[in-house]
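Quick notes on the structure that follows.
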Amino acid sequence: MPTQQNTPAPHNNSNSDSVDNIDNIDALDNSHHDQSLRQRLAQVRIVMINTTLPANIGSAARAMLTMGLTDLVVVAPKHPIDDESVSHAAGAQSVLNNCRIVDNLEQATADCQLVFAASSRQRHIPRPVVTPDQAAKLVLARPTHDTKVAILFGREDRGLTNDELALADYHIQIDANPDYPVLNVASAVQVIASFFYSRFLQHSQQPQGLTNTNEINNTDDSNQAIYNQALDNDLNSDLDNDLNSENLLMPVMLRQIWDSPAISHEQKLKLQLRIIELMYQLQLLEDTQTDKLRDLPSRLSRLLSRLQLDQKEYELLNAIIAKIMLKL
């Protein structure tokens, strides 16, 4: 995957409030739940798209580190990370140092299994809409080892395009003043990241043995039952309660910890293209069907998100498609 590694020049910042930015990180070191929390936070990637102002990248990095997030990817920024970015990052220069610059959104999300998009409005083909807190619950309802999460943030002036929003499994909407629901990009990062940090922290403070899903496959049936019961009580019951919200349209988590690893976003896109290719060969599609062709990728993406395919299911579907195409 072609990427550009952007490492700003070292910048000494004696501003005392840089210490405040890492209070949450310092708190982690004093907690015996440190590893569980760090594992969860490491799952989350912030993706900024076509940023105009370098300062906003720095402000977003500061917001991230305040909430324990360190994985930042910037897609085709109009201006590179510079000293202004570093200045606005305050004590979070480490996030900028490790920031990756990529050419397109597909590269930024290729290895992710779950993609959220921050958006303040519904689009032509809607995705399930969740609050930041519901989004954090959805991440926690999946095994740690199974999920890399991307949260997409759009341009300062016009947000995300319809095509970019169509790549997401869920849309996150932040409760705000309906007369002026406009947040600066870095502010939106701060709000969403704070909900994720709070939920992850709460989850990490559960009794040890109930939060480390990496070890579940090595436990006996009784421990599995204990884990499932705890997960049901802590997370799935919350999601069930959220059913009262008309916005949450896809709350059911089909994946279980004994499933094969979930497919990546890159694999989902490849499967979409294979299905479209098969539809052409079966003459279910024609180039003249412009309306159908315009909506099809988004509808297939939404369908595959609902299925929550694992690697074995992905291989099975690919084999079926390949066999059908050979017979045509």
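Taken together, the values in this text are just the output of simple stated rules run on the coordinates, not laboratory data. Since the structure is predicted, the reported quantities are computational estimates derived from the model, not experimental observations. Cβ placement follows ideal geometry from the backbone for every residue including glycine, while neighbour counts extend to all protein chains displayed.
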*Can you sort HIS88, HIS265 by how many other beta carbons sit within 10 Å, fewest first?*
HIS88, HIS265
_Under the Karplus curve 6.51 cos²θ - 1.76 cosθ + 1.60, θ = phi - 60°, whole-Hz ³J(HN,Hα) for the stretch 310-320, x wherever Gly or Pro sits_ = 9, 4, 5, 5, 4, 5, 5, 5, 4, 5, 5
*Taking a label point 7 Å from the Cα of ASP111 along the Cα→Cβ vector, which residues of the stretch 141-170 have an amide N closer than 13 Å to it?*
147-150
*In terms of the Cα gyration tensor, with a ≥ b ≥ c the square roots of its eigenvalues, is the stretch 260-328 rounded because a/c is under 1.5, prolate because a/b exceeds b/c, or oblate?*
oblate
*Which of the peptides 132-139, 290-297, 195-202, 76-83 is most tightly packed, and how do the rest follow, judged by the mean count of other Cβ atoms within 10 Å per residue?*
132-139, 195-202, 76-83, 290-297
*Starting from the Cα of LEU273, step 7 Å along the direction of its Cβ; do the same at LEU293; then give the gap between the two resulting points in nm.*
1.7
